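A short worksheet on the structure shown next.
The values are calculated or read from the model by the stated rules, or taken from the named source; none is laboratory data. Since the structure is predicted, the reported quantities are computational estimates derived from the model, not experimental observations. Please note: Cβ atoms are built from the backbone with ideal geometry, for glycine as well, and neighbour counts cover all protein chains shown. In case anyone asks, the SASA skips ligands and DNA or RNA and just uses the protein heavy atoms, side chains included. Shrake-Rupley method; radii C 1.70, N 1.55, O 1.52, S 1.80 Å.
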Amino acid sequence: MTSFAARCGLQDAAREQAVRQVAQRIEAERLELVRFAWCDPHGVLRGKTLVASAAERALREGVGLVSTLMLKDTSDRTAYKVFEPGGTATLPGFGFANNVMLLADPASFRVLPWTPATGWLRAQPWFQDGQPVELDTRRVLQRALQRLEAAGFGMRCGLEVEFHIYRLEGDQPMLDPAQSAWPPPAPQVRLVHPGYNLLTEAWYDLAEEPLRIVQRTAQALGLPLLSLEVELGPSQVEAVFDATDALTAADNMVLFRNAVRMALRRAGYHATFMCRPPFPNIMSSGWHLHQSLVDAKTGRNVFRRDTPAAGSAPTDAAHTLSAVGEQYLAGLLAHARAMAVFCTPTVNGFGRFRPNALAPQAVLWGRDNRGAMLRVVGQCGDDGTRIENRVGEPSANPYLYFASQIHAGLDGIERGLRAPPATDAPYAGGGELLPTTLGEALQHLKADEALRQAFGPDFIDYYVRLKQPEQQRYDAAEDKDEFHRREYFGRF
């Protein structure tokens with residue numbers, strides 16, 4: 001009888017060899033447990049933990065997972081009425097909390113550095129008949145990358161991720177059964193540095209203990225960490241990663257975010273990737289995505305321009321970017337409001353878009369301008385020429401964030417769009433305003449026909465269905481601050 005992996009079209013000699021190598025490593029390192037992890041629509045890792053002796057078989061036969069995990073909103077409530085007739089009629093293959101199967105990639109195997117004798121594998125969902133679950137967000141990015149490759153390009157991404165680290169303080173209400181609730185109470189914390197002293201060595205030294213945990217965790221997992229920095233806000237820090245291909249970068253972001261939260265918690269700290277923690281005088285965290293396209297055959301940066309276009313001024317995109325680079329930039333601008341929900345997918349994150357906050361407010365680009373939505377970095381002859389998108393928040397699902405860039409940029413290339421002049425006054429009132437609420441962002445997404453077709457109408461309808469309850473709960477909440485504390489602070 002063929003294995004489930006074979007019925008999915010995945011099993012070949014190379015994969016079988018990789019499975020055996022994982023089994024040998026599990027035995028050689030005397031591992032006791034192996035986690036099979038999958039990234040949900042909100043960028044959170046879920047999955048199952050198997051005893052080590054069951055891992056090899058699971059790599060061939062899969063691991064059952066209740067399908068409602070793909071239908072959850074950010075509060076972990078199921079957004080579809082799965083037990084009512086027609087409740088999942090728009091989702092073929094789903095219904096009645098049936099199972100999907102997780103198949104792990106043996107090449108993703110790692111030994112976790114913060115917990116003893118435990119391995120880890122990245123997995124993706126399949127229906128029990130061997131068909132892929134196309135709503136899986138990693139597959140959404142894989143399809144976008146296939147479209148990009150068909151156009152002759154690959155994508156390189158570098159990550160700048162701001163987040164907050166706090167020290168856990170006293171008894172934790174979320175673990176008190178008398179205070180149990182859905183969502184649970186937020187953690188009790190105190191600062192690891194007081195903030196308002198950007199990049200000072202003294203504040204770094206004050207926060208070094210948790211930052212060392214971040215460093216060692218990231219490096220033990222093989223992530224391309226470049227630097228750790230103290231940001232402006234109280235307890236705010238930043239991690240910067242070297243550029244890789246887009247799928248690797250997205251995988252790395254999911255792993256990093258979840259790993260450092262678990263490693264830090266074991267040491268008595270709380271890391272949060274929510275944009276605006278629920279305290280006074282905080283600074284919002286952003287996730288700045290550096291991106292460039294490369295020639296799929298040669299790896300050459302196709303955004304690079306050797307000399308400024310004839311007759312161009314420094315404010316023209318063609319002064320710095322190639323024709324393809326300008327078209328990609330123009331595509332990002334054209335679809336900025338529709339793709340905003342993939343870059344900033346929480347109610348919390350839209351509080352960041354305000355003047356003079358080193359966060360964008362309007363659909364504008366600038367040359368090395370950190371107030372603009374898109375920052376063009378580099379100059380003629382520079383192989384590092386790239387576009388930095390400053391809309392993202394650090395809790396975003398990276399697969400959807402990256403896919404939105406690809407589809408918007410490709411539309412600009414295919415239509416030969418031209419970019420407007422660069423701004424030198426990003427808060428002076430020019431350009432269309434970015435959405436200011438999650439609900440408004442969802443409306444822009446639904447109205448954007450190019451993105452709807454690129455992602456697929458079924459996926460857009462599904463994603464909107466998952467996100468709408470979040471805005472509705474916020475609108476209905478009597479205590480907005482408590483909503484942010486419970487909805488995001490302890491979980492994102």
Filter on 446/480; 81/467; 48/81 - keep pairs with C-alpha separation over 21 Å: 446/480; 48/81
Length-normalised contact order of region 134-214 in % [C-alpha pairs under 8 Å, at least 6 apart]: 20 percent
Whole-percent carbon and sulfur share, accessible surface of region 90-146, 1.4 Å: 55 percent
Per residue accessible area in Å² of region 260-414, where ligands, DNA and RNA are left out and the probe is 1.4 Å: 30 Å²
Apportionment of accessible area to carbon and sulfur, region 26-81, percent (1.4 Å): 46 percent
Calculated FRET efficiency for the pair residue 282/residue 178, C-beta based, R₀ 35 Å, to 0.05: 0.75
Rel. contact order, % - alpha carbon contacts under 8 angstrom, at least six apart, the chain: 15 percent
Rounded percent of accessible protein surface that carbon and sulfur make up, region 187-308, 1.4 Å probe: 50 percent
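State whether region 1-127 is rounded, prolate or oblate according to the following rule on the C-alpha gyration tensor (a ≥ b ≥ c being the square roots of its eigenvalues): a/c under 1.5 gives rounded; otherwise a/b larger than b/c gives prolate, and the remaining case gives oblate. Don't jump to the answer; show the numbers that get you there.
On the way: a/c = 2.82, a/b = 1.63, b/c = 1.73.
Since a/c reaches 1.5 but b/c is at least a/b, the shape of region 1-127 is classed as oblate.
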Span-like helix ranges in the chain, DSSP H, alpha carbon extent 24 angstrom or more, Kyte mean at least 0.0: 246-266
Three-way shape label, region 409-492, alpha-carbon gyration tensor, a/c 1.5: oblate
Relative contact order computed over region 245-370 (Cα-Cα under 8 Å; 6+ residues apart), in percent: 17 percent
Per-residue [θ]222 nm for the chain (sum of -39500 (n - 2.57) over DSSP H runs n ≥ 4, rounded to 500): -10000 deg cm²/dmol
